[in-house]
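J.: Take a look at this one; I'll ask things after.
Read-outs: derived from the displayed coordinates by stated rules, not from any lab. The model shown is predicted, which means the values in this text are computed figures rather than measured ones. Every residue, glycine as well, gets a Cβ built from its backbone with ideal geometry; the counts of neighbours run over all protein chains shown.
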Amino acid sequence: MKDMLMIIYNALIENELIANVVTKNQIKFYELPETMSFDTPVVIIDPLDVPSPAYYASNIELSTRLTYQIDVQHSDRNQVKLVQNEIKKVMQVLGFYQLSDGMDEYFKETKRYVDARRYRINTKMYDINY
């Protein structure tokens with residue numbers, strides 16, 4: 001079975017720009033721990049839905065649809081944008097496309113900028129083991 005969370009994570013840490021700005025322990029899955037340090041940008045990879053069938057033929061699943069949200073949070077807006085732009089490139093290489101909804105906000109309470117983007121992929125034919 002394939003683990004798309006780890007595929008995305010590994011692709012992000014292999015990217016030179018992301019690796020220079022975000023440490024490995026600053027990339028988290030699902031949610032942000034309360035004790036997280038914001039010395040560098042923080043990335044959260046969150047599956048938005050369970051893998052679901054994308055295409056069928058003769059009642060056989062041929063492709064799987066996967067949807068993820070990737071948040072970047074930090075006190076420096078430029079760093080957030082730089083990292084998120086590079087994440088977009090990585091996701092495109094993996095075959096994901098960006099959905100139209102997301103978030104680009106500044107939160108006064110935490111003094112952090114948050115850029116959250118959603119990505120989706122329909123896997124290649126017969127690549128359904130997720």
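J.: Pairing the Cα long axis of helix 77-94 with the longest principal axis of the chain, what angle in degrees results, from 0 to 90 and rounded to the nearest 10?
T.: The answer is roughly 20 degrees.
J.: Could you give me the ³J(HN,Hα) list for segment 111-121, computed from phi with Karplus coefficients 6.51, -1.76, 1.60 and θ = phi - 60°, whole Hz, x at Gly and Pro?
T.: Per-residue couplings from phi come out as 6, 10, 8, 10, 10, 10, 10, 10, 10, 9, 9 Hz.
J.: Take every Cα-Cα distance within segment 64-127, group them into 10 Å bins from 0 onward, and report for each bin the whole-number percent of pairs it holds.
T.: 22, 45, 23, 8, 1
J.: So what is Rg over Rh here for the chain, counting just Cα atoms and using Kirkwood for Rh? Working shown, then result.
T.: Details: Rg = 15.6 Å, Rh = 15.4 Å.
Rg divided by Rh gives 1.01.
J.: Percent relative contact order of the chain, based on C-alpha pairs within less than 8 angstrom and at least six residues apart? Mind dumping the intermediate values first?
T.: Details: 238 pairs, mean separation 33.1, N = 130.
The normalised contact order for the chain reaches 25 percent.
J.: To continue, here is another question. In a Gaussian network model over the chain where Cα atoms closer than 10 Å are linked, find which of LYS24, LYS111, LYS89 has the largest mean-square fluctuation.
T.: Residue with maximal mean-square fluctuation among LYS24, LYS111, LYS89: LYS111.
J.: To the nearest 20 debye, what charge dipole does segment 27-104 have about its Cα centre, counting +1 at the Cβ of each Lys and Arg and -1 at the Cβ of each Asp and Glu? Before the final figure, lay out the partial values.
T.: On the way: 6 positive and 11 negative charges, 65 e Å.
Here segment 27-104 has a charge dipole of around 320 debye.
J.: Pairing the Cα long axis of helix 4-14 with the longest principal axis of the chain, what angle in degrees results, from 0 to 90 and rounded to the nearest 10?
T.: It is inclined by approximately 50 degrees.
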